[in-house]
1. Please tell me if residue 200 is surrounded by fewer than 16 Cβ atoms within 10 Å (Cβ to Cβ) and closer than 23 Å to residue 127 by Cα.
2. Being surrounded by fewer than 22 Cβ atoms within 10 Å (Cβ to Cβ), under 20 Å from residue 69 (Cβ atoms) and within 15 Å of the ligand (Cβ to nearest atom) narrows it down to one of 118, 129, 160, so name that one.
3. I'd like to know if the stretch 86-93 contains one or more residues that are buried (at least 21 other Cβ atoms within 10 Å of the Cβ), polar (S, T, N, Q) and touching a residue at least 60 places away in the same chain (Cβ under 8 Å).
4. Taking the stated definitions as given, is residue 182 more than 14 Å from the ligand (Cβ to nearest atom) and crowded, with 18+ Cβ neighbours inside 10 Å?
5. Run residue 140 past the list (1) within 15 Å of the ligand (Cβ to nearest atom); (2) not in a helix (DSSP H, G or I) and report the number of the one that doesn't hold.
6. Identify, please: which residue in the stretch 54-65 is buried (at least 17 other Cβ atoms within 10 Å of the Cβ) and within 13 Å of the ligand (Cβ to nearest atom) and is, among those, nearest to residue 116 (Cα to Cα)?
7. Confirm whether residue 117 is in contact with a His (Cβ under 7 Å, 6 or more places away or on another chain), within 29 Å of residue 136 (Cα to Cα) and in contact (Cβ under 8 Å) with a residue 40 or more places away in the chain.
8. Can you find even one residue in the stretch 146-153 that is of a type outside the set (A, V, I, L, M), under 20 Å from residue 18 (Cβ atoms) and modelled with pLDDT of 95 or more?
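The values are calculated or read from the model by the stated rules, or taken from the named source; none is laboratory data. Keep in mind that this is a model prediction, so the values were computed, not measured. Every residue, glycine among them, receives a Cβ derived from its backbone with ideal geometry; neighbour counts consider all protein chains shown.
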Amino acid sequence: MGVLDKKIAVVAGGTGSVGEGVVRSFLREGAEVVVPCRSEQKRERLQRYTQDVAEQRLHLYPAIVSDPQSVLDFRQAVVDNFPRVDLAVASLGGWYYGYSLHRMSFEDWNRVMHDHLSTHFLFLQAFVSLFHDHQDQTGTYIMVNGGESKLPAPDAGVVSIAAAAQKMMSKVLAEESSGTNIRSYSISIMNPLKTRDRGGNILDEWISAEQLGQYLAQLYAGNVARADQVSHILHTARDLQYPRAAGRA
Ligand SMILES: NC(=O)c1ccc[n+]([C@@H]2O[C@H](COP(=O)([O-])OP(=O)(O)OC[C@H]3O[C@@H](n4cnc5c(N)ncnc54)[C@H](OP(=O)(O)O)[C@@H]3O)[C@@H](O)[C@H]2O)c1
């Protein structure tokens, strides 16, 4: 039995380098996993990558989570097809490198803020409101973040600014969820992750995207250290320990 048996998880960014590993781990842990996809090519890529573990529990929907109407349509499709959502993960993002703040164009600023921050806002709003609609006001919301929220990088500073705001979004959500059973987490991974896209250019101690998914599943189950805290900072695979896992899974 997996820790996510019979649970329903929605993973925004599930077609990305990190998200696909999270999706794969959640499937291995027994969840039904729902992923919005904005391209047919990415949809097929994720299906191929998970076909050995999916057992018809991977559900892909055409949707663009950065578009307000599309994310609402996606929410409705989830409501129509699933009894509830237990866990929502936002592994959204990408990267920007080019100009320091005083040189970057307003268009670039707006695009990065939209992709990195407004997209998080739209997805959070759609699925946290769904958690509030549950009779028992239950659900777990997890945002995946990078080290840039703590480490400003020249010529990529806008990404750091958006990442710092994402972290605050998780904290605000936690405050606004008081009195409910809704839990909010922000996971910051301080090193690059081992992903399929990165290929062999990696260090052994880095966490893999699948290991991150395993951590999120164990966090959902309350098996990690400090599971009651909003912010979790991970550096290397040594940080992945599940002291409370025995007997609970
Ligand atoms: N990669 C790493 O080594 C690493 C390390 C530490 C932390 N992180 C964090 O992990 C998170 C995900 O990063 P990643 O490397 O997986 O990025 P990625 O490979 O670029 O994937 C990003 C995902 O977000 C989706 N997305 C991005 N902008 C969107 C938009 N405007 N509308 C709809 N969907 C959008 C992408 O959809 P498409 O698939 O359709 O493009 C993709 O599924 C980020 O917060 C990053 O900081 C990454």
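1. no
2. On the way: 129 fails: within 15 Å of the ligand (Cβ to nearest atom); 160 fails: under 20 Å from residue 69 (Cβ atoms).
Residue meeting the stated conditions: 118.
3. Yes, because at least one residue in the stretch 86-93 is buried (at least 21 other Cβ atoms within 10 Å of the Cβ), polar (S, T, N, Q) and touching a residue at least 60 places away in the same chain (Cβ under 8 Å).
4. Details: more than 14 Å from the ligand (Cβ to nearest atom): yes; crowded, with 18+ Cβ neighbours inside 10 Å: yes.
In short, yes.
5. Single failed check for residue 140: (1).
6. The residue in question is 65.
7. no
8. There is no residue in the stretch 146-153 that is of a type outside the set (A, V, I, L, M), under 20 Å from residue 18 (Cβ atoms) and modelled with pLDDT of 95 or more.
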